[in-house]
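Values quoted throughout were computed directly from the atomic coordinates according to the rules given, and no laboratory measurement underlies them. These figures come from a predicted structure and were not determined experimentally. Every residue, glycine among them, receives a Cβ derived from its backbone with ideal geometry; neighbour counts consider all protein chains shown.
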Amino acid sequence: MKKALLVSSALSLGILAAVPASALVVIDDFSSGAVAQSITSGSLLDFQNGTMSGGDRGLKMEVTSNAFSLSYQVNTVTGTFNVSSQAGVDGYTQIGYGYFNNAGAFAFQDLNLNLSGEDRFEMDILSHDQPVSVTMSLRSAGVTQMITKNLPGNMVNTPMTLTYNFSEWSTINFADIDQILVEFNTQVSGDLTIDSIEAVPEPATMTLLAGALALAARRKKRS
């Protein structure tokens, strides 16, 4: 029995060794770095510390128009990232990783994040009522490239996953990401709730890893 177990373990390890060194990387799940900010005009810059990539989240909010002097709000009080424009308020929010506050502006502080084992970003959006544009900007070795995706409205409490494939960036070295910046541009009176931002391996890698673990478990049970 012991010999069979050793053989099974060796085979399992061999299978696992064939799996590329990749894993899901959580950029931010908003479980730390609590924030609750509200403005009616102008802009605001804030930073939160936590378990997000780089250990810091930079936050910029700006109101571009406000018909009734109501508030534009951002908070993480439910462990999700929430943007809320009250009636007649138009604004945008940026969250950045790999930055620090330099006299009230974002300044570079390298993440040195290696995402060569992953192949896409996934953003889990739980709810949005109005159309919203989501721009993800990456910076590597002094080169910045951004991709914008537009989402339709009428998605209240309708979860969806917004995907950015790494192949969409033609000039970025994913083995050394220095900064990640995400901008949410909501429509007037728009609300948005996000659960997480992650870098995810290719599906084949995840399937192979799951299969290897299942095979190892079956062999161990038979022995």
Test of understanding: what is the full-extension gain from residue 114 to residue 165, defined as 0.36 nm times their sequence separation minus their Cα-Cα distance? 16.8 nm
Label-point separation (nm) for residue 78 and residue 145, each offset 7 Å from Cα along Cα-to-Cβ? 3.6 nm
Can you pull the percent of Cα pairs in region 53-140 with separation above 19 Å? 52 percent
Normalised by the residues of region 99-156, what does the relative contact order come to in percent, with Cα pairs under 8 Å and at least six apart? 28 percent
